[in-house]
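The values are calculated or read from the model by the stated rules, or taken from the named source; none is laboratory data. Just so it is clear, the model here is predicted, and its values are computed rather than measured. Methodologically, a virtual Cβ is constructed for each residue, glycine included, from the backbone with ideal geometry; neighbour enumeration extends over all protein chains shown. Protein only, heavy atoms only, side chains kept; ligands, DNA and RNA dropped before computing areas. Shrake-Rupley method; radii C 1.70, N 1.55, O 1.52, S 1.80 Å.
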Amino acid sequence: MAPGETSLLTFRLHGTIGAATGRELQAARRAAQTAGTDHRRAEKQFFARFDAVLDRAAVGPAYFENEQMAEVLAGEIMMLEETGSVVHGFAVLPNHAHLVLHLPAGSGLSFAKAVDLLHLRTGTACRRLVRPKLPPEAEFWQVGWLEYAVQDEDELTRLLAYVRGNARAAGLPGRFQEWPYVNEEVSG
């Protein structure tokens, strides 16, 4: 993502998508691109499949069911605004998080560095909370993130509605739909 752009980002805990499922998702993505499907449409389809797998939570940890850990992540997401980024909205789910983020043009900030810092800071703090369950050498976050660039205000509105409603759509208990780790605040 370049300065001046807004994107929907999805971060996930390490091990939340099995290797075979990950290969299937990537193969379907490549097939759609090879078949001549419009790039944006192919990315939307990939995102929908990817997020559905995360929402099912069939494998891997669900550390953010713990409110202390979810609070660490939510706090660090909000701290991104201290770097000059604009957090339009986010949702923390048991095994992943969605974040709609804008990096202003001319800010001189490195988006990748900000995301890496978010991973480092939340991983370090959350490891302390889950120390007995997670060996020191084990990964906390899956490396990288899924990014979908926002094209216009209408799409921003749709994506924020998606983020806000994701817990309900995933069939999570009411506490995930109402808890303070779902935030939507469109900044200008």
**Prompt:** Which residues, taken from segment 1-30, are buried (at least 18 other Cβ atoms within 10 Å of the Cβ) and without any contact (Cβ under 8 Å) to a residue 24 or more places away in the chain?
**Reply:** Arg29
**Asked** Would it be correct to say that Leu120 is free of Cβ contacts under 8 Å to residues at least 24 places away in the same chain, open to solvent by 30 Å² or more (accessible area, probe 1.4 Å) and among the hydrophobic types (A, V, I, L, M, F, W, C)?
**Response** yes
**Item:** Answer from Glu147, Glu139 - the residue that is in a loop (DSSP other than H, G, I, E, B) and more than 16 Å from Gln68 (Cα to Cα)
**Value:** Glu139
**Request:** Look through segment 72-85, keep the residues that are buried (at least 17 other Cβ atoms within 10 Å of the Cβ) and within 15 Å of the chain's Cα centre (by Cα), and return whichever of them is farthest from Trp141 (Cα to Cα).
**Result:** Leu80
**Message:** Any residue at all in segment 31-41 that's among the hydroxyl-bearing types (Ser, Thr, Tyr) and open to solvent by 70 Å² or more (accessible area, probe 1.4 Å)?
**Reply:** yes
**Request:** Test Glu137 against the criterion of being more than 22 Å from Thr122 (Cβ to Cβ), free of Cβ contacts under 8 Å to residues at least 40 places away in the same chain and not hydrophobic (A, V, I, L, M, F, W, C), and give yes or no.
**Result:** no
**Asked** Residues of segment 27-53 being over 19 Å from the mean Cα position of the chain (by Cα) and not acidic (Asp, Glu), which ones?
**Response** Ala27, Ala28, Arg30, Ala31, Ala32, Gln33, Thr34, Ala35, Gly36, Thr37, His39, Arg41
